[in-house]
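See below for the structure under consideration.
The values are calculated or read from the model by the stated rules, or taken from the named source; none is laboratory data. Computed from a predicted structure; not experimentally measured. In this analysis, Cβ positions are derived from the backbone assuming ideal geometry, glycine residues included, and neighbour counts consider all displayed protein chains.
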Amino acid sequence: MLEPSPPSVPESPSLKESKKSSLVENIKVLAIALVIALLVRTFVAEPRFIPSGSMEPTMLINDRFIAEKVSYEFRNPMAGEIVIFSAPEMLQKMAGYSSDQVLIKRLIGIPGDRIAIHKGVVSVNGVMLTEPYIKEAPNYDCPGLSSKDSFFCQGLAANNLDSFEVPPEMYFAMGDNRNNSSDSHVWGFLPKSNIIGRAVLRFFPIDRMGGLS
């Protein structure tokens, strides 16, 4: 014969209040964590990935990296740094990019630098750069008419210039894959105001994890 089940004991009001309080606290903690994550991503650092081969061999397609956004609040970007930036207005007009699309390139020239690209060599202020990070030497001149897509360089050549100066608040950015990169030699100078941050650390793939320079 089955024993009758014991009568259920209703939860006490204090236990209900405790569960409710615990749920509210968990929601608060989650909300705070989400706000902190959003603030960190907006103002401190954010993960990004490489969608194209324009930075090969330094960075390959689908590489994941961290871009920090703090340094440039205290100092200006420096030549040689790899930066992420929103598409400049000229690139938006030329290629249909939106203003919120983000690109990555290496800064070659800073305000006041005089730059020339001739016979596969980039010179800054009359000094030829040593660039072990590039995939191959550029097959165009700037100023020059040697590349059909180098609208910026073609325009300089049309004005009979043999070099050009980076204006104030502007930068000259190039991809490490010089001959497969839509960069400053195509669309012109990069405004400082478009620069979002500096690529500092590749975290994927694991076998190539490390600092970026």
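Annotations
- Qualifying residue in the stretch 113-132 (condition: among the basic types (Lys, Arg) and within 20 Å of Leu91 (Cα to Cα)): no
- Filtered by the rule that a residue be in a strand (DSSP E or B) and β-branched (Val, Ile, Thr), the stretch 176-198 gives Ile195, Ile196.
- Against the list (1) within 20 Å of Gly112 (Cβ to Cβ); (2) modelled with pLDDT under 95; (3) of a type outside the set (Phe, Trp, Tyr), the condition Ile206 fails is (1).
- For Lys20, the conditions (1) loosely packed, with under 11 Cβ neighbours inside 10 Å; (2) modelled with pLDDT of 90 or more all hold with the exception of (2).
- Within the stretch 103-137, being within 20 Å of the chain's Cα centre (by Cα), assigned to a strand (DSSP E or B) and under 15 Å from Ala79 (Cα atoms) holds for Ile104, Lys105, Arg106, Leu107, Ile108, Gly109.
- Residue in the stretch 123-132 that is closer than 24 Å to Gln101 by Cβ and touching a residue at least 40 places away in the same chain (Cβ under 8 Å) present: no
- Candidate set from the stretch 86-102 (those that are in contact with a Ser or Thr (Cβ under 8 Å, 6 or more places away or on another chain) and not in a helix (DSSP H, G or I)); member that is surrounded by the most Cβ atoms within 10 Å (Cβ to Cβ): Ala87
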